[in-house]
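Presented below is the structure to which this report refers.
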Amino acid sequence: MTTTPLWEVFIRPRNGLSHKHVGSIHAADEVMAVQAARDVYTRRGEGTSIWVVRSADIVASDPDQAGENFEPTADKIYRHPTFYEIPEDVGHM
Amino acid sequence: MSIHEALLELADDHLVLGHRIGEWCGHAPMLEEDLAMPNMALDLIGSARTLYDHAGKLEGKGQSEDDLAYLRGEREYRNCLLVERPNEDFAHTMLRSLYFAAFMRPFWLKTLETSGDETVRGVAGKAEKEMAYHIRHAGEWVIRLGDGTEESAARMRDAVAALHIYTDELFESSPAAHEAEAAGMLPVRAEMRDAWDEVIGQVFAEAMLEAPDVPYPQTGGRKGLHGEGLGHLLAEMQSLHRAHPGATW
């Protein structure tokens, strides 16, 4: 089964929440991938919706560029929502 | 002959097939199927448990689900022959599940519509969705193996040749089943034929398979006449309970 493609699995736990990456599975094609994701990752009622995408189709950032990508944000604390006071009427954010 | 025996037949079908599919646990060719197999097995065993419990209560002799599952011998088991057939390979295993689920899905849907027994309707409501998934999962494998490589196609054709002869028994009603049908507890098994033919026809067309003519269908399971494999299956399944009666964990 070494040629069986790898797929990344995303599960939406409840309506209103986003799909979240939960892991990966092997499957021959997209139909089998959704079934395998269902059988591996939703056995305990974890999901209401499944996305799968071929791992090879994901474009990732280069770890060598982590410094230039992510460090410049470290001193910009004013971008965090905690910087502002949230009116009580807004409720839970 | 009594009506609870019709439930025993159903329960035995589910327990025996559940056990067979469970035999793949730890042996499947890939992790994904190693989880999918026990998932399907547990669906079946879950239905079997409720059916045994209900059958025991209807019989009224104080037999629990464990008594019925673990303390009856081969000749007392009433499952159809299809479900006890050995796993062999993935082609046999998936085709056996497809044949069974393609029968049980319409059977449970009809039960939901017409059964006067609340417990049986409860099983049907849950199992109908499970069987829909088993049809999909097993069906997709049958299609991929049948329309796959030279070897997978040959194995799929071998599985059809080996198992198709056991499918007619699915549509037969024993005297106990006739009684349950007349009482409005269970639907008439023969009426599932069109729905079954449709599912199998669709899958086989995509899988490049042909359903063979079966001049001599194999039956007898409902009378307790089984292949030699069932004795081995029961010996393994029942050994712990027989060695340690009433064991729980």
Cα-projected label distance for A:Glu71 with B:Phe171, points at 7 Å along beta-carbon direction, nm:
7.5 nm
How high is the relative contact order of chain A, in percent, with contacts defined as C-alpha pairs under 8 Å that are six or more residues apart?
27 percent
I'm checking a number: the convex hull volume of the Cα atoms of segment B:3-243, normalised per residue, in Å³. What is it?
115 Å³
Suppose R0 equals 22 Å. What FRET efficiency, 1/(1 + (r/R0)^6) with r the Cβ-Cβ distance, do B:Ala182 and B:Glu113 give to the nearest 0.05?
0.85
Connecting C-alpha atoms closer than 10 Å in a GNM of chain B, tell me which of B:Met30, B:Met104, B:Met237 has the biggest fluctuation.
B:Met30
Run the reach check for B:Lys129 against aspartates and glutamates, Cα to Cα strictly under 17 Å, same-chain hits fewer than 8 apart removed. What comes back?
A:Asp39, B:Asp43, B:Glu113, B:Glu140
So what are the ³J(HN,Hα) numbers for segment B:6-21, from phi and the Karplus equation (6.51, -1.76, 1.60; θ = phi - 60°), rounded to whole Hz, Gly and Pro as x?
5, 6, 4, 4, 5, 4, 4, 3, 6, 5, 5, 5, x, 5, 4, 5
In deg cm²/dmol, rounded to the nearest 500, the helical mean residue ellipticity at 222 nm of chain B, built from -39500 (n - 2.57) for every DSSP H run of length 4 or more, is -22000 deg cm²/dmol
What does the charge count near B:Arg144 come to, summing +1 for each Lys or Arg and -1 for each Asp or Glu among other residues with Cβ under 10 Å from its Cβ?
-4
Residues A:Tyr78 and B:His244, FRET efficiency given R0 of 56 Å [Cβ-Cβ distance, rounded to 0.05]:
0.25
Calculated from DSSP H runs of 4 or more alone, at -39500 (n - 2.57) each and per residue, what is the 222 nm mean residue ellipticity of chain A, nearest 500?
-5000 deg cm²/dmol
Each residue of segment B:141-156 in turn: what ³J(HN,Hα) in whole Hz from Karplus with 6.51, -1.76, 1.60 and θ = phi - 60°, glycine and Pro shown as x?
5, 4, 5, 5, 6, x, 9, x, 7, 4, 5, 5, 5, 5, 5, 5
Pseudo-spin-label distance B:Asp213 to B:Asn87, built 7 Å along Cα→Cβ, given in nm, is 3.6 nm
With the 8 Å Cα cutoff and a minimum separation of six or more residues, chain B has a relative contact order in percent of 26 percent
Report the local net charge at A:Val31: Lys and Arg +1, Asp and Glu -1, summed over other residues whose C-beta lies under 14 Å from its C-beta.
-3
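Throughout, read-outs are computed from the coordinates displayed, never taken from laboratory work. Small disclaimer: the values here were computed from a predicted structure and weren't measured. Every residue, glycine among them, receives a Cβ derived from its backbone with ideal geometry; neighbour counts consider all protein chains shown.
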